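Asks: Pasting a structure below so you can have a look.
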Amino acid sequence: MMELREIPVENILPQRSPFIMISRITGYEDRAACTELDVAQDNIFVDDGLLSYSGLIENMAQTCAAMVGYHNRYVLGNGVCIGMIGAVRNVMIHSLPSVGQTVSTRIEVITEVFNVKMAKAEIRDACGNLMAEGIMKIALTDSQAQEEPSAGPGNECAKNGELMGCGTKA
């Protein structure tokens with residue numbers, strides 16, 4: 001069985017290059033997920049060697065999309081649905097990652113009503129320092145993204161109540 005971090009992100013996201021803002025999914029549960037982003041010089045949100053505020057917010061949103069996409073594709077066996085950012089609030093950017101850094105993003109759904117999810121997001125550097133945080137409201141549509149699926153499920157989820165790859169209790 002394919003490990004979670006080996007799943008091509010194109011399998012679980014509606015976005016396509018160059019607009020992909022996660023490098024891999026590292027943790028999954030029904031109401032939470034973790035991803036990593038390797039900040040590269042050619043990232044469309046990099047300016048003067050730093051990932052911009054907009055890039056961090058898009059990374060939070062795509063972590064939400066990765067959670068929903070993983071659930072739809074690998075748990076339910078459906079396609080990846082399209083979602084939109086409905087609102088962003090309480091965003092605090094403490095620092096911007098530089099090219100060459102890998103950041104970890106954790107989202108947790110705090111409220112869900114119909115096709116709208118409200119999620120708390122945190123982005124941390126490799127040492128665990130909080131770089132950004134906020135709350136996002138994501139509205140999911142009934143439309144599915146056009147996709148070219150790759151082979152292989154990968155449900156290597158929680159072990160001992162811990163969200164794999166996140167280092168936090170679920």
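The values are calculated or read from the model by the stated rules, or taken from the named source; none is laboratory data. All values derive from a computational prediction rather than experimental measurement. Here Cβ is always computed from backbone atoms with ideal geometry, including for glycine, and neighbour counts include all displayed protein chains. Surface areas here come from the heavy atoms of the whole protein model, side chains and all, with no ligands, DNA or RNA. Shrake-Rupley method; radii C 1.70, N 1.55, O 1.52, S 1.80 Å.
Asks: Grab the Cα-Cα distance for N115 and D42, subtract it from 0.36 nm times how many residues apart they are, and report the gain in nm with one decimal. Display every interim value, and only then the final one.
Replies: On the way: separation 73, 0.36 × 73 = 26.28 nm, distance 3.38 nm.
Answer, rounded to one decimal: 22.9 nm.
Asks: What's the FRET efficiency of Q101 with V75 using the Cβ-Cβ distance as r and R₀ = 35 Å, to the nearest 0.05? Spell out each step's value before the answer.
Replies: Details: r = 31 Å, r/R0 = 0.89.
About 0.65, to the nearest 0.05.
Asks: Can you sort F45, F19, F114 by solvent-accessible area, 1.4 Å probe, largest first? Intermediate results must be reported in sequence, preceding the final value.
Replies: Working: F45 40, F19 75, F114 195 Å².
The ranking, largest first, comes out as F114, F19, F45.
Asks: Taking R0 as 30 Å, what's the FRET efficiency between N129 and D30 from their Cβ-Cβ distance, rounded to 0.05? Before the final figure, lay out each step's value.
Replies: Details: r = 28 Å, r/R0 = 0.94.
Computed FRET efficiency for N129 and D30 comes out at 0.60.
Asks: Need one value: the accessible area of E112 in square angstrom, 1.4 angstrom probe, rounded to the nearest 10.
Replies: In the full protein context, E112 sits at about 90 Å².
Asks: Right, here's the next one. At 1.4 Å probe size, put E58, E6 in order of accessible surface, largest to smallest. Mind showing how you got there, number by number?
Replies: Values: E58 25, E6 115 Å².
Descending accessible area places them as E6, E58.
Asks: Now for a separate question. Within the stretch 1-42, what whole-number % of the accessible surface is contributed by carbon and sulfur, with the 1.4 Å probe and all protein chains included in the calculation?
Replies: On the way: 910 of 1900 Å².
After summing per-atom areas, the C and S share lands at 48 percent.
Asks: So what's the Cα pair-distance distribution over the stretch 34-129, bin width 10 Å, in %?
Replies: Bin by bin from 0 Å, the calculated values are 15, 45, 31, 9, 0.
Asks: Accessible area, 1.4 Å probe, largest first: how do I85, I20 sort? Spell out each step's value before the answer.
Replies: Working: I85 75, I20 30 Å².
These residues rank, largest area first, as I85, I20.
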